[in-house]
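Worksheet: one structure, shown below.
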Amino acid sequence: MASEGLARALAAVLGGQALPVHSCDSEPAEEPPALVRLRKNVCYVVLAVFLNEQDEVLLIQEAKKECRGSWYLPAGRMEPGETIVEALQREVKEEAGLHCEPLTLLSVEERGPSWIRFVFLARATGGILKTPKEADAESLQAGWYPRTSLPTLLRAQDILHLVELAAQYRQQARHPLILPQELPCSLVCQRLVATFTSVQTVWVLVGTVGMPHLPITACGFTPMEQRGGIKMAVLRLLQECLTLHHLAVETKGLLGLQHLGKDHADGICLNVLVTVAFRNPGGCSEGSGMNHRASPQRALLMSAHAHHVCLCDEVVAVIKPAQKGSQGLLAREGSLIRRGTGQPEGGSKRGVRRPASGTF
């Protein structure tokens, strides 16, 4: 029965669904996990990319003093009590005058757990495009511009990659539609699908405290974890049950995420695909990075065979390396998690960062 429940949970996570977060298998040693509160210890940013049938991009003209007159994609900070989708729809209505619905997540960018930006491909469903007559503190106006001929005066160049990412997705979707699932969480944490491959078998790391489950690691807010990004929480959990100096750990990307935002539940759980391989002395990585001496009280390695064969095959299918030169890591053949650069903006409504290339 336990193995059947675990198989269902694995299938749900691979399908982009949400699961309740009851506890964490790994927490920062320096401090207890902090309850997440918007405007206090975390900032979430939403951003939308719109492309119409004429291959035009929706841009808004900034009204803020420090960047007044420049152009940017509709974006802004989430407010307490909002879901991620509600925040996106509010920002687009305030800045562009349009009603919208998100189609899929394109990218999740982070600068440690205290600053995370959710980038969506979206489509307009109604409303009236904002004109200079409706200029206010949110924006001066909105307009459609050819994707290959955007205004020269952009607030930041980071949107160029996001626009191209949206265009590539529309031309050929590289991952299934992924939207936030509304389920409460009090922490910033990650549920891991950590896979180990041998010649004929895929192994999945499983937590064994209580009922067998996919392990969850809480992100810390210490200076070290902030500097290292949310991957630090992944490495911490693996350090507790595996011998990392013999292993190559690679984060492939996002399988799904959950957040609610109601009743002070501002936390987020990211379902993340991670591969672990044995690193031989020559520097090449091989499969079968299993440490059978890992404490059975902390975690076990489940062989995905017998009635798990279909899950095994699905895991193998989604592990695909990032394309050369891409600015992110691919999961389910495409959904991105990327590291941002610089420090989060304290006074800016949007707090957007120019993302660095290549790393989680």
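Please state the shape class of the stretch 43-171: rounded when a/c is under 1.5, otherwise prolate if a/b exceeds b/c and oblate if not, all from the C-alpha gyration tensor.
rounded
Ligands, DNA and RNA excluded, the heavy atoms of L105 present near 0 Å² of accessible surface to a 1.4 Å solvent probe. Close amide H contacts of I230 (hydrogens built in the peptide plane, cut-off under 5 Å, sequence separation of 5 or more or a different chain): G112. Positive-end ranking of P74, T125, A63 along the dipole of the stretch 55-135, with charges on Cβ about the Cα centre, is headed by A63. Near L247, the amide H atoms lying under 5 Å from its own belong to R279; only residues 5 or more places off or on other chains count, and H is placed 1.01 Å from N.
Annotation for the stretch 33-88: GluC sites (Glu not before Pro) lying in DSSP loop with at most 15 further Cβ atoms inside 10 Å of their Cβ are E53.
Database remark: amide H of L255 closer than 5 angstrom to the amide H of N271, V272, L273 (H placed geometrically; neighbours at sequence offset of 5 or more, or on other chains; Pro and chain starts carry no H). Using θ = phi - 60° in the Karplus curve 6.51 cos²θ - 1.76 cosθ + 1.60, the 3J(HN,Hα) couplings for the stretch 143-156 round to x, 9, 10, x, 4, 8, 8, 6, x, 5, 8, 9, 4, 7 Hz; x is entered for Gly and Pro. For the stretch 43-171, the Cβ-based charge dipole about the Cα centre amounts to some 200 debye (Lys, Arg positive; Asp, Glu negative; other atoms uncharged). In the stretch 49-208, a dipole from Cβ-located charges (positive for Lys and Arg, negative for Asp and Glu) runs towards its positive end, and of T83, P180, I159 it is I159 whose Cα lies farthest in that direction.
Taking all protein chains as present, what is the carbon and sulfur share of the accessible area of the stretch 130-212, in % to the nearest whole number, probe 1.4 Å?
On the way: 2310 of 4220 Å².
Carbon and sulfur atoms account for 55 percent of the accessible area of the stretch 130-212.
With protein chains left intact and a 1.4 Å probe, residues in the stretch 43-171 average 39 Å² of accessible area per residue.
The values are calculated or read from the model by the stated rules, or taken from the named source; none is laboratory data. Quick caveat, the model's predicted, so the values are computed rather than measured. Please note: Cβ atoms are built from the backbone with ideal geometry, for glycine as well, and neighbour counts cover all protein chains shown. Heavy atoms of the whole protein, side chains included, go into the accessibility calculation; ligands, DNA and RNA do not. Shrake-Rupley method; radii C 1.70, N 1.55, O 1.52, S 1.80 Å.
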